[in-house]
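Enquirer: Sharing a structure here in structure tokens format.
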Amino acid sequence: MRDITYYPGCSLKDTAKGFEASAVKVSEEMNVNLKELDRWNCCGTVYSLTDDNLMKQLGPIRNLIRARDEGSDKLYTLCSMCDNTLKRANLLVREEEDKRDKINSFMDQESDYEGSLEVRHYLEFLQDDLGWGEVRDRVEEPLEDLNVASYYGCMLTRPKDIGLDDPHNPTILGELVENLGGTPVDFPYESECCGSYNTVDNKEMVLNKTQTITAGARKSGADVLITSCPLCHFNLDSRQSDLLEVAPNHKPLPVLYFTQLMAVAFGYPKVNKFDEHAIDPKEVLKLENKVGSER
Amino acid sequence: MDLTNSDRELTANVEELSGENIFSCYQCGKCSAGCPFTEEMDILPNQVIKKVQMGDGSVLDSDTPWTCASCLSCEVDCPKGNDVPAIMEAIREISLRKNLDRVDINKLETKGLPEIALVSNLRKKTG
Amino acid sequence: MAFKPRIGVFICHCGENIAGTVDVSNLAEEIIGYDNVSFSTDYEYMCSDPGQNKIKEAIEEENLTGVVVAACSPSMHEDTFRRVVEEADLNRYQCEIANIREQCSWVHGEGNDRPTEKALKIIKGTVEKVKRNVSMEPVEREHSDKCLVIGGGIAGIQAALDVAEAGNEVILVEKSPTIGGHMAQLSETFPTLDCSQCILTPKMVEVNQHPNIELMAYSEVRGISGYVGNYRARIERKPTYVDADACNLCGDCEEVCPVEVTDEFNQGLDTRKAINIPFSQAIPSSYTLDTEACLGLNPLRCSECAEACDADAINFDQTSEYVEEEFGAIIAATGYDLYPKEKMGEYGYGEYDDVIDGLQFERLLSATGPTGGEVRRPSDGKVPENVVFIQCSGSRDPENHNSYCSKICCMYTAKHAKLYRETVPDGNAYVFYIDIRAGGKDYEEFIQNVREEDRVLYLKGKVSKLKKADGKMKVWGLDEISGERVEIDADLVVLAQSIIPSEGAEETSEHLNLNLGANGFFKEAHPKLRPVESLTGGVFYAGTGQGPKDIPDSVSQGSGAAAKAIDLLAKPTLSHDPQVVEIDEDLCSGCGLCVGQCPYDALDINSKGVAEVNELLCEGCGTCASGCPTNALSLRNLTDEQLTEMIHAHIGD
Amino acid sequence: MSKNKKKIGAYWASSCGGCDVALLGLHERILELLDFAEIAFWPAATDFKYDDLKGYGNNELDVTFFNGGIRTTENAEIAELLREKSKLLVAYGSCAHQGGIPGLANMSGKNELFDTVYKEIPTTNNPDGIIPQESIKKDGLTLNLPGLQERVRSLDRVVDVDYTVPGCPPPPELTEDFLELLINGELPEKGSVIAGSKTVCEECSREWNKESIDAFHRPQEVDIDPDKCLLDQGIICMGPVTRSGCDSSCPEVNMPCKGCFGPPSKVEDQGMEMLNSLASVLQVGEEGQALEQEKELLSNLPDPIGTFYTFSLSNSIFGGKVSEGGEND
Amino acid sequence: MEFEPKLIGFLCKWCSSAGADLAGVSRKSYPPNLVPITVNCSGRIDVSQIVKAFKDGADGVLVSGCHPGDCHYTSGNYKTWRRVALLKHVLDDFGLDPDRVRLEWISATEGEKFAQTVEDFTAEIKELGPGPFRDVKK
């Protein structure tokens, strides 16, 4: 078993339990142990962009310091938002000396941090550290005839200096799908923002986007859509049921975390907690009759 | 608008808060072209920047910075490497620091909303 | 007719290109029976070595006097086959191409006789032509080795230096008392911000010292006659009343001179004396007495300058001298002026002191200018806090002013704004523009730097008007991007005035019969492929007289024009295509109708009262030949008879 | 009558008769002429009948001055007869030379002409629409009239012509010149036109200033500058395409040349050549945007064929009206 | 047998003949009725030559030169323009259909236009029928 230090973030303990459970399960299958960071706090969700207020960077940086103090040199995330915030905060410390000094002098309980840690997303782990072969080898139920749209959203690929793929033409999720035996479909809204936190005070705007993105994926032939962001998942999945109320002709599209799709292909669909999804993917995934066969 | 007596402090503030050179924008419009939410905005993102260049205080009344979801489409597109979301944030901050919160947590319908949505929303829209 | 033509017809298969559609062997058989055709053959590829040899052999063995090659378009191989017949000692003009490929086999379907019939007609027509062709040799003529350069701005300076450096004598004629042109007035040059005079004056000195250049400043061309290689120009050397060799530039004359008038060099922002030198590095470095300003020479009203001159350099008896010289080539570098701001009603008709043009602002920025390089506004000398720059003033306005883009204003305005912001760091610079056109090398970067680092506020849109109110100058404009109408209280407004050709362009065009375009700039022989040549042989263009351009472009064109002139002057004789018009004096009545028809001025009625063609000028279009009412004019090798017989052969039966 | 005297004939075919008067225009010199010549046939001046002519042997007449074009069968018949009887046949005057003004009738066919002349002219009272017949039998007698041919032809289109003395009418000086050359045995090569070899412009003292023409005017409409070329003033003058020899007599008195001497040697179609040259120097409005304005300009040129072909229509390339798909010669 | 018009085409060397060559290079097929005569400039054409062509038995004459403003010799095509305009005016009086003379501006890049022009002109003259001097032996 290979241990990797893992930062879950709040969503994975709350609305995205299936994300974590599936990730843990598929990792296990690949002889990887997701070792949860001992004491973690909120990553801060959104990265703060103001130049003069470093307070807002303390949350994420504190997580990084703890990981370092635990003896890790890499910290892995599943949630795109956490990944983004942690990576950017880390970069800030690394690259902006003035700000780093201020932050360090402010956090006098902790020892100084200079950005030594590497924050990595689980997808990067699969692609670079483990290799797709390792994934492919564990596939028991290849996703034959399943058309999968990969939705990257904003946080995986932007900004450029921390993005894990080409911001205009990302492929990493598509490669994963291929390795699971599925068919990746191209669709034009792969990186279009779902509306993010505006879902709180401007639901209308998010509904519009949800429709654009899910209907766009459908139109491109997708059976399901995968993501790695719990906020995107909420907007695209839960908000789709809201959308159905105002647009009854909308044809719903199941939205999965990419690890859930892995779990299906590995033959463990049950860990996915699909019951918590607003749009049930089981039918599309032809799982309804297979419940009994689940390993 | 009266350019002679324009709000030059606004320009300076935005530059300070965002860390960006507002004058480096040459108004190509690519940020607006790629923005997924222009339909929801009253003025275009590039117009926001132009108004800041001009010291046009009316920019503080615009919806655009609040509609911006910091999705960073513009940030990766900008040919001058400007961090447009940071400029938007700076404009939001100017209001927020005057205790002009955009949302009131007490009035929000929070039921069923995930933490991630709530926390990020409040971080962007309250002081 | 004693001469009996013997024509050989050579029909090319061009592989299947011709033979696939046209019955080539039938053509060869049919044509042999035709008048004067004494030989015919067909071959797979006439242009190949064996094909060419067939033609040469036939010319020798059959004593052919003319050759028709029925093949591809003459634009492909006319020259090839004409060289072939030359090798067989036949004049090149005794070979003609019958185009039976592009204009026959390739465009008409196979499987019927009609392409072959048409090919036969084309060949017959070509036979009719070639049997009437005359042998011709290129027209050769001696020429002068000198070059005249009109205009001593940077383009003319560059052209003169290049031509002189190649070993040709040059006369450089400049209207004003010094060379240097507008470039001498500029403060710094975009995008590198070199000091304009610093890079210009060494070149001016070089002109003055070059053994092959005779500088005639304060001189004007009064008339030019002749043609390429043999122009004769009459040049007036106006009196400066100062002996340049004697003048030691002490300036005493200037000091005592009681008359002050507007200083042109400083664009009217300052005054000068009646006796003056435009600027200290002027070339020739000598004073000039401006008689229009002087109290009077005849009778002499004041002679304080002469009295003050220790060097005795002042001579009130000078008069205009007229010089006549022969030139092989002429370079017109007459330069530009700014469109008068007095025409800009919306910007105050030039009546507001603090609304100035680009050249005036150059003088304000210049260390040698009226303010010593400090930006002070003309009305009260105050350092302006808000400066508005208006681009496209008089340009890109087909309705009211000029339709064209003046090309350099975007750049110089950016430079102005930058230099202003550097001298007045607290000042605000506003630039109104429609588009920014910064197409030169490093230009875009310069503009971006001005916006970004000098924080000049660019506003997209034109200014609708400016008016004085409450002692302030209010500027009303638009920023299209924000959609805001804006108002600025300006302390100074700088108009990037449109560039217009100087008076010299029209004068020179009259002397040389050059074409001016609709906007008054010189018209090129071809706008893309011959941009430095005029349609008048041996006359080349350099600089802004041909169209708005910046310094590097002016210098490039100066060198380009020089290269063209050097090329022409280097030829031992000038040779010319001999297919020109000739005149049968026995038929010409001297009606003169042909003279005005010639676009090249190649025709005139001579002292015998008949038309005469200058073969060096004639380009051989033949328009006059068909326009001649008595058919006294004919175009060599395309005569009326040839056309008539070709038509006859084509109509056939 | 002396045997050495030359026998001279003169004939008047389809023309106005002015040419015969022009012969008389020799005035007293006609008496000198009679010293070495005798008039052997001249129906207009002396009493000769066709039979007299028929009575002459072939080539008995030394020279015949034939004026008028060939309009009728009679004209053609006499032309052939005179050709036979004359050593030298001279086309005398514009009509014999080029068809002349009667040749303008070639713009109409024979039947059209009859209809116009005998039926349509308002002053003609011909209620029965009677048209002259070539042959009428009445009371056992047959009356024959010369037939009208379809077109007017110049003399040289009917018989071989030795010389031409051009003009409408020929100036006496040219006739004198011809006679002098004849008497002195110095006649030029056969077929020559006894006039200048160039065009009226050569003899004209007016000055063409090499500018282009931008409007047409009729002579009566403008104040004519006596020193300036008439074309320059927008008046269509046929001088550039008309053979010299008249001393530019019309232009010299402010009248444009009408072209009566016919074209110079290298010009086949006088009218077309003039039209072409005129078009070449037309300048209407801006270069290249001229067509509409040209139409307007042409409205000031109401009868181009009458203008350009006053004398030469019959001898032009088309020779007269053409009919699409019809029989043209 | 169907009437096949005999057409003469005067093409200027710089534009129209080059355009005809381009039609060839691009294999634009058109009827073979028009036989081309390449001249230096359309301004070389004297209207007498056009009239003579009709007299010789041509059914139609095409004159083609550079577009206005593009003449290789600056203004030859303007002369042609006016000559043809005046000619058409007089041809009408003579009773010859002015449509039998066509003036076209065809540039070196207009191979398609050349082919189309010949095709249209041939069809138009077919419609008009034989010219007035067709089949009359000289």
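The values are calculated or read from the model by the stated rules, or taken from the named source; none is laboratory data. It should be emphasised that the depicted structure is a prediction, and the values quoted were computed from it without experimental measurement. With ideal geometry, Cβ positions are generated from the backbone for all residues, glycine too; neighbour counts draw on all protein chains shown.
Rundown of residues vs (1) at pLDDT 95 or above; (2) part of a strand (DSSP E or B); (3) buried (at least 23 other Cβ atoms within 10 Å of the Cβ), yes/no style:
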position	(1), (2), (3)
C:Pro191	yes, no, no
C:Ile199	yes, no, no
C:Pro202	yes, no, no
C:Asn208	yes, no, no
C:Pro211	yes, no, no
C:Glu220	yes, yes, no
C:Gly226	no, yes, no
C:Arg234	yes, yes, no
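Enquirer: Would a scan of the range E:106-117 turn up a residue that is within 10 Å of chain C (Cβ to nearest Cβ), within 13 Å of the chain's Cα centre (by Cα) and at pLDDT 95 or above?
Expert: So far as the range E:106-117 goes, yes, one or more of its residues are within 10 Å of chain C (Cβ to nearest Cβ), within 13 Å of the chain's Cα centre (by Cα) and at pLDDT 95 or above.
Enquirer: Cβ contacts < 6 Å: first residue modelled with pLDDT of 90 or more, restricted to the range D:1-22; second residue of a type in the set (Ser, Thr, Tyr), any location; separation 6+ or different chain. Result?
Expert: Close Cβ pairs satisfying both conditions: D:Gly9/D:Thr64; D:Cys19/D:Tyr92.
Enquirer: Suppose we filter D:Glu180, D:Glu203, D:Glu189, D:Glu221 for residues that are out of contact with any strand residue (DSSP E or B) (no Cβ under 7 Å at 6 or more places or on another chain), within 18 Å of D:Thr307 (Cβ to Cβ) and of a type in the set (Asp, Glu); which single one remains?
Expert: Answer to the check: D:Glu221.
Enquirer: Shifting gears a bit: Pick from the range D:188-208 the residues that are more than 8 Å from every other protein chain (Cβ to nearest Cβ) and over 20 Å from the mean Cα position of the chain (by Cα): which of them is surrounded by the most Cβ atoms within 10 Å (Cβ to Cβ)?
Expert: Among them, the one singled out is D:Cys204.
Enquirer: Let me ask you something else. Please verify whether B:Asn82 is outside any helix (DSSP H, G or I) and surrounded by fewer than 20 Cβ atoms within 10 Å (Cβ to Cβ), treating the condition exactly as stated.
Expert: no
Enquirer: For B:Glu39, are the conditions met, namely being at pLDDT below 95, assigned to a helix (DSSP H, G or I) and within 13 Å of chain A (Cβ to nearest Cβ)?
Expert: yes
Enquirer: Select from the range A:2-16 the residues that are over 12 Å from the mean Cα position of the chain (by Cα) and over 22 Å from A:Leu117 (Cα atoms) and write down the one among them that is nearest to the other protein chains (Cβ to nearest Cβ).
Expert: A:Thr15
Enquirer: Filter the range B:16-25 down to the residues that are more than 9 Å from chain A (Cβ to nearest Cβ) and in contact with an Asp or Glu (Cβ under 8 Å, 6 or more places away or on another chain), then identify the one that is nearest to A:Val206 (Cα to Cα).
Expert: Let us first name the residues in the range B:16-25 that are more than 9 Å from chain A (Cβ to nearest Cβ), namely B:21-25.
Checking the rest, the ones that are also in contact with an Asp or Glu (Cβ under 8 Å, 6 or more places away or on another chain) come to B:21-24.
Values: B:Asn21: 32, B:Ile22: 30, B:Phe23: 33, B:Ser24: 32 Å.
Residue satisfying both the conditions and the ranking: B:Ile22.
Yes or no, residue by residue, for (1) assigned to a helix (DSSP H, G or I); (2) of a type in the set (Ser, Thr, Tyr); (3) in the same structural domain as B:Thr126 (by TED's automatic domain parsing):
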{"residue": "B:Ala12", "(1), (2), (3)": "yes, no, no"}
{"residue": "B:Glu15", "(1), (2), (3)": "yes, no, no"}
{"residue": "B:Tyr26", "(1), (2), (3)": "no, yes, no"}
{"residue": "B:Gln53", "(1), (2), (3)": "yes, no, no"}
{"residue": "B:Ala69", "(1), (2), (3)": "no, no, no"}
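Enquirer: Would you call B:Val84 more than 7 Å from every other protein chain (Cβ to nearest Cβ) and out of contact with any Leu (no Cβ under 7 Å at 6 or more places or on another chain)? So that I can check it myself, show each step before the final result.
Expert: Working: more than 7 Å from every other protein chain (Cβ to nearest Cβ): yes; out of contact with any Leu (no Cβ under 7 Å at 6 or more places or on another chain): yes.
It is true that B:Val84 is more than 7 Å from every other protein chain (Cβ to nearest Cβ) and out of contact with any Leu (no Cβ under 7 Å at 6 or more places or on another chain).
Enquirer: Restricting to the range E:62-75, name every residue that is in contact with a Leu (Cβ under 7 Å, 6 or more places away or on another chain) and within 27 Å of D:Val267 (Cβ to Cβ).
Expert: Selection gives E:Leu62, E:Val63, E:Ser64.
Enquirer: Taking the residues in the range B:1-15 that are facing chain C (nearest Cβ under 8 Å) and of a type outside the set (S, T, N, Q) as candidates, determine which candidate is surrounded by the most Cβ atoms within 10 Å (Cβ to Cβ).
Expert: B:Leu3
Enquirer: Read through the list (1) at the interface with chain A (Cβ under 7 Å from one of its Cβ atoms); (2) over 15 Å from B:Pro45 (Cβ atoms); (3) part of a loop (DSSP other than H, G, I, E, B); (4) modelled with pLDDT of 90 or more, then give the number of the only condition that B:Lys98 fails.
Expert: Going through the list (1) at the interface with chain A (Cβ under 7 Å from one of its Cβ atoms); (2) over 15 Å from B:Pro45 (Cβ atoms); (3) part of a loop (DSSP other than H, G, I, E, B); (4) modelled with pLDDT of 90 or more, B:Lys98 breaks only (1).
Enquirer: Also: Count, please, the residues in the range A:25-45 that happen to be more than 14 Å from chain B (Cβ to nearest Cβ) and in contact (Cβ under 8 Å) with a residue 60 or more places away in the chain.
Expert: So the answer is 5.
Enquirer: Please verify whether D:Ala37 is over 20 Å from the mean Cα position of the chain (by Cα) and either touching a residue at least 24 places away in the same chain (Cβ under 8 Å) or exposed (fewer than 12 other Cβ atoms within 10 Å of the Cβ) (or both), treating the condition exactly as stated.
Expert: yes
Enquirer: Among all residue pairs at least 6 apart or on different chains, which show Cβ distances below 7 Å where the first residue, located in the range C:470-495, is at negative phi and the second is small (Gly, Ala, Ser) and part of a strand (DSSP E or B)?
Expert: Sorted first by the residue in the range C:470-495, then by its partner, the pairs are C:Met473/C:Ala490; C:Val475/C:Ala490; C:Trp476/C:Ser464; C:Gly477/C:Ser464; C:Val486/C:Gly477; C:Leu495/C:Ser393.
Enquirer: Just name the residue that is nearest to the other protein chains (Cβ to nearest Cβ) out of those in the range A:170-210 that are out of contact with any Ser or Thr (no Cβ under 8 Å at 6 or more places or on another chain), farther than 28 Å from A:Gly44 by Cα and surrounded by fewer than 20 Cβ atoms within 10 Å (Cβ to Cβ).
Expert: Only one residue fits best here, namely A:Glu175.
Enquirer: Still on this structure: Within the group A:Leu78, A:Leu92, which residue is at pLDDT 95 or above, surrounded by fewer than 23 Cβ atoms within 10 Å (Cβ to Cβ) and not charged (D, E, K, R)?
Expert: That would be A:Leu92, the only listed residue that is at pLDDT 95 or above, surrounded by fewer than 23 Cβ atoms within 10 Å (Cβ to Cβ) and not charged (D, E, K, R).
Enquirer: Within the bounds of the range C:343-364, is there any residue that is more than 30 Å from C:Val475 (Cβ to Cβ) and surrounded by 15 or more Cβ atoms within 10 Å (Cβ to Cβ)?
Expert: no
Enquirer: Continuing with this model, one more query. Considering C:Glu165, C:Glu102, which residue is in the same structural domain as C:Pro74 (by TED's automatic domain parsing) and either more than 26 Å from C:Leu64 (Cβ to Cβ) or touching a Gly at 6+ places or on another chain (Cβ under 8 Å) (or both)? Walk me through it before giving the result.
Expert: Values: C:Glu165 fails: in the same structural domain as C:Pro74 (by TED's automatic domain parsing).
Result: C:Glu102 is the single residue among C:Glu165, C:Glu102 that is in the same structural domain as C:Pro74 (by TED's automatic domain parsing) and either more than 26 Å from C:Leu64 (Cβ to Cβ) or touching a Gly at 6+ places or on another chain (Cβ under 8 Å) (or both).
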